[in-house]
Amino acid sequence: MAPIALTPPNEGNETLSNLTEQGISDALRKNAPSQLKSASMINNITATPPSEPEAKLQQSTEPTLAELDASKVQCTYTTSPRTVPEVGSAEMASQKVCSDHMIQAQWNAETGWAAPTLQPYGPLSLSPTASCLHYATECFEGMKLYRGHDGKLRLFRPNLNCNRMLMSTNRIALPAFPPTELLKLIVKLCATDGAKWLPKDRPGQFLYIRPTMIASDPALGVERPKEALLFVILCCFAPMGNMNGGIKLLASQDDMCRAWPGGFGYAKVGANYGPSLVAQGEARKRGYHQILWLFGEDCTITEAGASNFFVIWRNKAGKLELVTADLNEKIVLDGVTRRSILELARSKLAAGHEELEALEIVERKFNIFEIVEAAKEGRLVEAFAAGTAWFVAPISQIHFRGEDIEVPMAKGEVGAYADVIRGWLKGIMWGSDGMEGHEWGYVVDEE
Ligand SMILES: *Cc1c(COP(=O)(O)O)cnc(C)c1O
């Protein structure tokens, strides 16, 4: 029997909404050609399945779609190496400088995935009619490659990003792929460029990894794309600030929201970000760092910019709680940092930690009026935003309908809980503080 290829367009399947192994295998199974086969061979629900020889015959005339296969990667190394920007330079901070190489993989509906390539970094060639340029058929991931204090290169739970990328492609009619193959391609690129772009004598540096998929289909019709391009690049970023002193958030106005039930806020699709930039620009102009995205008449709290939002307060019964928005309405992105903080908090904070009081971990729908009330009654303890880009950023102030809510920070510059959570995550990412061998740290062997 032919191996099951997993890559046809995801006709009519439900969108995948979680990052778990089960969720992924469901999505892949639903997208397997057996589904197309059953659709073409059995065209009504009472038809009997074809006999064995008949099935074989059908199978041989069926196009076999090739899987995304990292083991087939074809490498072409650069002959004009790029210069690594100086630490602290404007070039480094520009977020325009990428490493020497990139990964590319082409897909089309007739043959599936072509052999991926590792090739010199450079511009793409796209038809002006390409689907992604008109219909936002684009999704991406955001990860980091860390140069550890122990000299090793690490990724942080990269399997979760690869799973989420599949979930995002599903939402916008881009082709499926086995997430493990994407991970292998990312690792290949990191292994190739890591040594030069994150020198061992500069521990604590990182590169930003941007896996992207676009519909490159040159047909201008509004339809499911028949061609796509997957690419992965490594971009230089300025060293991570710790945001000590806290960030200030501006709550979104009633006339704008980031995501809505039935939409695509849970997917990392480009269409979520362009439309948020007007509000973000306004926030910056008024001296705030990010928008706190509210939703609906009850002002449900969803996210802070492109980060998940956490608050710690004492509830009315006097119990200390760590609260973040649940994922049920699919208006909040299932952040890897969010997930990791919840897991760490459940295992290390729920019963108290050193001088920190035990707290309950709560994922639920909550709104800004609850924060306003907690602040007024002196029950607000701290708040922070969490995501790969901004890491764990303490929040010092939230502006909502003409008033500033001051958010306490127990340690002056940062909340006590944010501080300890940040410490654990840092240890895992950078291989320090006794967290070197943690299972969430994925060590990349350099070439
Ligand atoms: C990427 C992103 C996050 C953070 O997710 P991480 O996996 O933790 O980086 C949160 N919210 C939005 C809207 C995002 O795009």
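Checking every residue in the range 80-93 against the condition of being surrounded by 13 or more Cβ atoms within 10 Å (Cβ to Cβ), of a type in the set (Gly, Ala, Ser) and modelled with pLDDT of 95 or more gives zero matches. From ALA271, ALA279, grab the single residue that is at pLDDT 95 or above and touching a Leu at 6+ places or on another chain (Cβ under 9 Å). Of the residues listed, the single one that is at pLDDT 95 or above and touching a Leu at 6+ places or on another chain (Cβ under 9 Å) is ALA279.
The C-beta contact set for the range 317-341 (first residue touching a residue at least 12 places away in the same chain (Cβ under 8 Å) and more than 8 Å from the ligand (Cβ to nearest atom), second residue part of a helix (DSSP H, G or I) and small (Gly, Ala, Ser), distance under 7 angstrom, 6+ apart or interchain) comprises LEU322/ALA345.
Looking across the range 235-249 at every residue that is within 16 Å of the ligand (Cβ to nearest atom) and assigned to a strand (DSSP E or B), the one that is nearest to GLY412 (Cα to Cα) is identified as ILE247. Remark: pairs (first residue in the range 255-268, within 11 Å of the ligand (Cβ to nearest atom); second residue at pLDDT below 95; Cβ separation under 7 Å; 6+ apart in sequence or on different chains) = TYR266/SER17. Can you tell me which residue in the range 183-232 is surrounded by the fewest Cβ atoms within 10 Å (Cβ to Cβ), limited to those that are under 22 Å from HIS134 (Cα atoms) and of a type in the set (S, T, N, Q)? So, considering only residues that are under 22 Å from HIS134 (Cα atoms) and of a type in the set (S, T, N, Q), the one surrounded by the fewest Cβ atoms within 10 Å (Cβ to Cβ) is THR212. Say whether the condition of being on the phi < 0 side of the Ramachandran plot, small (Gly, Ala, Ser) and free of Cβ contacts under 8 Å to residues at least 40 places away in the same chain is met by at least one residue in the range 98-119. Among the residues of the range 98-119, not one is on the phi < 0 side of the Ramachandran plot, small (Gly, Ala, Ser) and free of Cβ contacts under 8 Å to residues at least 40 places away in the same chain, which makes the answer no.
For the range 287-294, the criterion of being within 15 Å of the ligand (Cβ to nearest atom), closer than 30 Å to ARG82 by Cβ and not β-branched (Val, Ile, Thr) is satisfied by no residue at all. Restricting the search to strands (runs of 3 or more DSSP E) fully inside the range 126-172 and requiring at least 1 residues that are closer than 26 Å to PRO225 by Cβ gives 138-140, 143-147. Selection of the range 194-226 for residues being closer than 20 Å to CYS162 by Cα and of a type outside the set (Phe, Trp, Tyr) yields GLY194, LEU207, ILE209, ARG210, PRO211, THR212, MET213, ILE214, ALA215.
Considering ALA130, ALA219, ALA173, the condition of being among the aliphatic types (A, V, I, L, M), touching a helix residue (DSSP H, G or I) at 6+ places or on another chain (Cβ under 8 Å) and more than 30 Å from VAL87 (Cα to Cα) is satisfied by ALA219 alone.
Out of everything in the range 300-316 that is over 16 Å from LEU342 (Cβ atoms) and away from the ligand (no atom under 16 Å from the Cβ), what residue ends up being farthest from the chain's Cα centre (by Cα)? Of everything passing the filter in the range 300-316, LYS316 is farthest from the chain's Cα centre (by Cα).
When LEU118 is tested against (1) in a strand (DSSP E or B); (2) closer than 25 Å to SER307 by Cβ, exactly one condition is not met: (2).
Within the range 94-114, restricting attention to residues that are under 30 Å from GLY441 (Cβ atoms) and in a loop (DSSP other than H, G, I, E, B), which residue is nearest to the chain's Cα centre (by Cα)? In this case the residue turns out to be GLN95. Inspect all residues belonging to the range 383-401 and state whether any of them is over 27 Å from the mean Cα position of the chain (by Cα) and exposed (fewer than 14 other Cβ atoms within 10 Å of the Cβ). Within the range 383-401, one or more residues are over 27 Å from the mean Cα position of the chain (by Cα) and exposed (fewer than 14 other Cβ atoms within 10 Å of the Cβ).
The values are calculated or read from the model by the stated rules, or taken from the named source; none is laboratory data. These figures come from a predicted structure and were not determined experimentally. Reconstructed Cβ throughout: ideal geometry from the backbone, glycine too, with neighbour counts over all protein chains shown.
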